[in-house]
Amino acid sequence: MTRFVVALLVGGLCTATSFGVTPDPKDLIIPPSEITKARDLIRKLGSELYREREEAHAELVKMGRLARPALLEAAATDLDPEIRFRTSRLLPKAGADELTARLDTFLADKEGKFDHDLPGMKQFRKVVGQDEKARALFVEIIKSPYNVEVLQAIDRGVTEAGRAIADRRTLLFTHLQHRNVGGRMMPPQPIAIADIACLLFAESVTPSKEIPRGMWNHITGATFLQQGASNSTLTNASAPHSDPYRRIVGQWLETREDVQDLNQLAHMVGQQHFKSFPQSLPLLRRIVTTDGVYGYAKGQALMFLMQQRPKEEMGFLKTLLTNDTLVSTVWFGNNINPANPQPQQHQCLLRDVALALLITQNGQKLKEYGYSFPNGHVEPNAQNIGYGNNYAFTTDEARAAAMVKFGFWQLKQSFKEPVVEPVKEPAPPVPAPAPSK
């Protein structure tokens, strides 16, 4: 189905539906007599008489969706190439009529009593639900022919869905740019919440590996999650479609595995309106542990994780004390080695960030463990440690010594912890002997 045809059929969704439309999809079942009529007309498409072929073609156009089953059958199996060609040309219009009828029936079902066979509907209900609020958002989504195309692609499988998502990302991103349209410069256009919701929903049910990379390799759903309509809907519970949109965002956060997504989300998930999502904590850990994610993104994610759960994440921090991922390169002046006055660079590794967080969370100072700070910098506070750009070890020996010192500190702490005696369960009562007979 062409985008033009989809636009025509979706354009009238909010104005009026066909007279006499019922909310029950069963009423859309095509009578056998109509299918027989369509098959008879299709046979005439292969007539030797031009006039007869054209008349049959015109009648099939008038039948619209009623001819669709017979058209699908003939286009796939008929032995006459003329019939296959003509039926394939008739199918887009018949398909558009079919979708129009299904949409009209869905809109007529205002109480949501029936199951409807609509593009993406089954997957949408699994992710978002089928309550009144979810239904209202779906209605907004299908007002756009571009969104309908994405939903149709989802039903055709992950390969088609991935291509549709890539195309949709590109189109939405161009709306955020200054564009030359017919010699006129068009300012950036805001993205509607229904369009963002549709894209994030599609990404949440399509593996990232199936989505091709285009000319803007870094553009993902995370780009649109930061737009004004998205932020206002997430932060304002009374905003239109807030509840179902949050459900979509939660599912999207849970399914993120693409490195480009994770790189962008590292600094976003620390924002207040994302902390309320239960998916944010496992997402932060995933950012830290996924190969290919930038080191500075891992450091930020680790910092945000500790800000939310400082005690509970201590064990996770300790698993990173051997991780040599580069977080940042720190430039020092000549205050470290007077014999070499040239500026020097030193690496801050993820293990250094993890150790720094462990130290500060336990009320100790980085300087006591041999960390150095560039000229003009003082010891960073715990809220900025994850950035790793203003402290580092200047030698491997200093790093090793810090690890040893922290190990001894942990050992001493273990001696200070009170020993909790296990609670002894009372012995079970001895059963009384059975009375003798």
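Computed from the coordinates by the stated procedures, all read-outs in this text should not be read as laboratory data. In this text, all values refer to a predicted model and were calculated from it rather than measured experimentally. Here the Cβ is made from the backbone with ideal geometry for all residues, glycine too, and neighbour counts use every protein chain on show.
Once Rg and the Kirkwood radius are both taken over the C-alpha atoms of the stretch 269-334, their ratio Rg/Rh works out to 1.02. Take residue 143, project a point 7 Å from its Cα along the Cβ direction, then tell me which residues of the stretch 229-261 have their backbone nitrogen under 13 Å from it. Residues 240-241 fall inside that zone.
Projected label points at residue 115 and residue 405, each 7 Å from Cα along the beta carbon direction, are separated by 6.6 nanometres. Give me the net charge for the shell around residue 24: Cβ to Cβ below 14 angstrom, other residues only, Lys and Arg +1, Asp and Glu -1. It works out to a net charge of -2. Remark: the chain is approximated by an ellipsoid whose semi-axes, taken from the C-alpha gyration tensor as √(5λ), come to 60, 32, 19 Å, largest first. Summarising the amide proton neighbourhood of residue 332: residues at separation of 5 or more, or on other chains, whose placed amide H is nearer than 5 Å comprise 344, 345, 346. Comparing mean-square fluctuations of 39, 89, 51 from a GNM of the chain with C-alpha springs under 10 Å, the top value falls on 51. In the chain, the calculated helix contribution to ellipticity at 222 nm averages -16500 deg cm²/dmol per residue, counting -39,500 (n - 2.57) for every DSSP H run with n ≥ 4. Compactness ratio for the stretch 179-333: Cα radius of gyration over 2.2 N^0.38 Å (N = residue count) comes to 1.17. Electrostatic bookkeeping for residue 327 treats Lys and Arg as +1 and Asp and Glu as -1; over the other residues with beta carbon under 9 Å from its beta carbon, the sum is 0. A straight line joining the Cα centroids of the stretch 128-159 and the stretch 206-267 runs 16 Å. Percent relative contact order of the chain, based on C-alpha pairs within less than 8 angstrom and at least six residues apart? Relative CO of the chain lands at 9 percent. For the stretch 118-255, the ratio of Cα radius of gyration to the globular rule of thumb 2.2 N^0.38 Å stands at 1.02.
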